[in-house]
Amino acid sequence: METNNTHKQFEIIDRYLTNSMSVKEKVDFELKLKHDLNLQKAVEEHRLLIDGIETQALRDKLNVFHKNTTKKNTAKHTNMFIKYAVAASLILFLGISSFLLLNNNPNKKLYAKYFTPDPGLPTVMSATKNYEFYNAMVSYKQGKYEDAIEQWQKLYINKPNNDTLNYFLGIAHLANKNALLAEKFLTTATNNQNSVFIDDAQFYLGLIALKNNDNTKAKSYLKQSKLEKSKEIINQLE
């Protein structure tokens, strides 16, 4: 029975990482992911597995290319193959180095363990006047962070101090691996101390500082957040 459950979880995680889920299923999964540390660990391990498979696939394609090289152009294609082989080796090396760096750097390991994008807000567009905002929210929930950022950025021009826009722009940029812009928007979101996103914004700012190996700054943000997982990280840093 445990094996079946493990296999089922493997399939669910695989569909999540390959964007094969429906919008509702993805929202439900990310909500669970946000609070389940074991599931977060399983997702990260599966992500590393996929990266390894993709690297191996590239190497296999290069081998096929080499076998199909004609004798007439052996010298020319051999040089080309060497270039691709070097590139593939570099990718493999970087992948292994990243994996080792992650495991040897406690801060990056903590970041990977605790970071998951905010699941977002319910999107009942037919019952709201803020169609543009919630249309972007749909893109965000589908993992189309660049599309969501582009749409929210248009609204941000007229509402640069809106805590909701700043918060989700920050999370979208962070999920899109742009921590610098993420910090800018999340910091603005925390200017409104009455914001419903204040604790989450402080938490994500703490993660960004953690990722940058600034433990003093990370603790400062996390101590201002009332989230339980913020306390967990602080305990692991002390």
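No lab work stands behind these numbers, since they all come straight from the coordinates. Just so we're clear, the structure is a prediction, and the values are computed from it rather than from any experiment. Because the Cβ atoms are built from the backbone with ideal geometry, glycine has one as well, and the counts that use them run over all protein chains shown.
With respect to the stated conditions, LYS223 is surrounded by fewer than 17 Cβ atoms within 10 Å (Cβ to Cβ), on the phi < 0 side of the Ramachandran plot and among the basic types (Lys, Arg). Would you say ASN192 is of a type in the set (S, T, N, Q), in contact with an Asp or Glu (Cβ under 8 Å, 6 or more places away or on another chain) and under 30 Å from SER22 (Cβ atoms)? The answer is no for ASN192.
Does the range 148-160 contain at least one residue that is of a type in the set (A, V, I, L, M), touching a His at 6+ places or on another chain (Cβ under 6 Å) and part of a helix (DSSP H, G or I)? No: zero hits.
Residues in the range 156-187 that are buried (at least 17 other Cβ atoms within 10 Å of the Cβ) and aliphatic (A, V, I, L, M): LEU165, LEU169, ILE171, ALA172, LEU174, ALA175, ALA179, ALA182, LEU186. Mind checking which residues of the range 201-238 are in contact with an Asp or Glu (Cβ under 6 Å, 6 or more places away or on another chain) and of a type in the set (A, V, I, L, M, F, W, C)? Scanning the range 201-238 gives ILE208, LEU227.
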